[in-house]
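Step one of this worksheet: look at the structure below.
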Amino acid sequence: YDRNFRAERLVEQYYPTQFKPRPDRKSVPKEVYDAWPVEMARVLLKMGYAGPHVRLYSLKLEPLIDQWPPRSHTALYGIGPVGEADVAKLLQTFATRAWRRPVTAAEVALYVQLVRSMMEDPKAGGNKALGAIKELKYRVYHGKWTKLPEFDQLKPAATGTLADGLIDIHPARKPEHYGMVFEGRLETPVAGEYEFEIASDDGSRVLVGGQKAVEHDGLHGASTKRGKVKLTKGTHKIRVEYFAYGQPNSLRLAWSGPGIASAPLSVMPEAPRQLAGDPDDTRAIRALQAGYTALLCSPRFLYLRENTGTLDPYALASRLSYFLWSSMPDATLLRLAAENKLREPAVMRTQVERMLRDPKAEAFVQNFTTTWLRLDKLGKMPPEKGGPFRFYHDRKMEPMLSKQAVAFFADVLQRNERIATFIHSDHTYLNAHIARWM
């Protein structure tokens, strides 16, 4: 567009007494800088400018979705604030979809307990949230070190307890030249491999259950280091050592593992302070996300368990869905499985036709054709790069040939042709490069 027709240019040209220069981006707040062109446009209209312009008197917007929050959100997090009573229902509904069969409340009880523990306010009385260190005590030492000393051989200058279970260096009450040792008990909900992430300025070390999880010793600026340890289910001793030589200094610790997306083990001083009594809406969402992650890590989701003998309706629905869609059964298949109607020939035919019309059936077309014709082996024995078949490499023919076979199979499937069509067909799919080659 012509820059001369911008509002500020027109004001400067025709109404110079009303013109204000553009403010300096570096010396004014962003809101003031962004408001300047709007102010110039208002001046232009106020002064009676009659030149070309666009003025909107009404605007009608068609929503992209039929409701807000969208159903994909409410199905996972409910409507409104999530209470403890909602957790069991949300997790049970999710597990039914993920595990492809009806799920009882007892089967998700541990997952419900996990989510509820993470939803608890760590600053409130009573139980601590998942991730807080139990019986967390600290010792403060004064001194100048360039690496972590043997703290157990030194006399502490101060000791205390952190009731909220989160590591905090503020009790040191010194800006520099000090060290701290934190000790407590950390509870792991399940056995597995856990990752610890520490960010410190200067040196630090994390020991869990007698194992060195992270070593981040020495003089350095604020930087992050990670380490993993395998822990059994239960309670483990945790020890964190830290020293600060100069300023600034900081210490942050977090962990993650089975059923724990990421949970802080230290205070977050950079986070805005929350008003007393103001609920943390994101805590419930993070807790549910951890619960859903744990459900998806379950063998019931990762592996297809089937009993010997006749398939039950839910196993039949899963086989049908993964064969045609490469995905879990939808609500219709699960409903028919619950009603034990999938074995009826008419119902089965109707469902197969419905599923083949669905866009998700493209996965079946691609996967079946690739496996049947071994299209994944295409290109294992290509023609020589020189000579009359050089264009095979120059034009990258292999992806085109694969698409040709997939498109032909999809056409035969859509038309419901006889199987003999694959052998005695009077048509195929071509583009200019394939036609030249053939």
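The values are calculated or read from the model by the stated rules, or taken from the named source; none is laboratory data. Computed from a predicted model, the values in this text were never measured in an experiment. Don't worry about glycine lacking a Cβ; one is built from the backbone with ideal geometry, like all the others, and counts go over all protein chains shown.
Residues in the range 299-347 that are exposed (fewer than 11 other Cβ atoms within 10 Å of the Cβ) and touching a Phe, Trp or Tyr at 6+ places or on another chain (Cβ under 8 Å): none.
Applying a threshold of 7 Å to beta carbon distances and a minimum spacing of six or more residues, or different chains, the list of pairs starting in the range 1-18 at a residue that is within 17 Å of LYS46 (Cβ to Cβ) and aromatic (Phe, Trp, Tyr) and ending at one that is modelled with pLDDT of 65 or more and surrounded by fewer than 15 Cβ atoms within 10 Å (Cβ to Cβ) reads TYR15/MET47. Taking the numbered list (1) within 30 Å of ILE285 (Cβ to Cβ); (2) assigned by the TED database to the domain that holds GLY246; (3) surrounded by 19 or more Cβ atoms within 10 Å (Cβ to Cβ) in turn, LEU114 passes all entries but (2).
The C-beta contact set for the range 155-167 (first residue in contact (Cβ under 8 Å) with a residue 40 or more places away in the chain and at negative phi, second residue assigned to a strand (DSSP E or B) and not aliphatic (A, V, I, L, M), distance under 6 angstrom, 6+ apart or interchain) comprises LEU166/SER266; ILE167/PHE182; ILE167/SER266.
The criterion of being under 37 Å from the mean Cα position of the chain (by Cα) and part of a helix (DSSP H, G or I) holds for PHE94.
One residue stands out in the range 384-410 among those that are in contact with a His (Cβ under 8 Å, 6 or more places away or on another chain) and surrounded by 12 or more Cβ atoms within 10 Å (Cβ to Cβ): the one that is modelled with the highest pLDDT, namely MET400. Scanning the range 321-352 for residues that are under 20 Å from PHE364 (Cα atoms), in contact (Cβ under 8 Å) with a residue 24 or more places away in the chain and polar (S, T, N, Q) gives SER321, SER326, SER327, GLN351. Taking the listed residues LYS123, LYS147, the one that is charged (D, E, K, R) and at pLDDT 85 or above is LYS147, with no other qualifying.
Just to be sure, is LYS225 over 22 Å from PRO264 (Cβ atoms) and either not in a strand (DSSP E or B) or not assigned by the TED database to the domain that holds ARG286 (or both)? Taking the combined requirement at face value, the residue does not satisfy it. Any chance the range 164-179 includes a residue that's hydroxyl-bearing (Ser, Thr, Tyr) and either farther than 19 Å from HIS220 by Cβ or in a loop (DSSP other than H, G, I, E, B) (or both)? No, there is no match, as no residue in the range 164-179 is hydroxyl-bearing (Ser, Thr, Tyr) and either farther than 19 Å from HIS220 by Cβ or in a loop (DSSP other than H, G, I, E, B) (or both).
Residue-by-condition table, conditions (1) under 30 Å from HIS177 (Cβ atoms); (2) assigned to a loop (DSSP other than H, G, I, E, B); (3) modelled with pLDDT of 85 or more:
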{"residue": "TYR242", "(1), (2), (3)": "yes, no, yes"}
{"residue": "GLN247", "(1), (2), (3)": "yes, yes, no"}
{"residue": "ALA254", "(1), (2), (3)": "yes, no, yes"}
{"residue": "MET268", "(1), (2), (3)": "yes, yes, no"}
{"residue": "ALA271", "(1), (2), (3)": "yes, yes, no"}
{"residue": "LEU275", "(1), (2), (3)": "no, yes, no"}
{"residue": "ARG286", "(1), (2), (3)": "no, no, yes"}
{"residue": "ALA290", "(1), (2), (3)": "no, no, yes"}
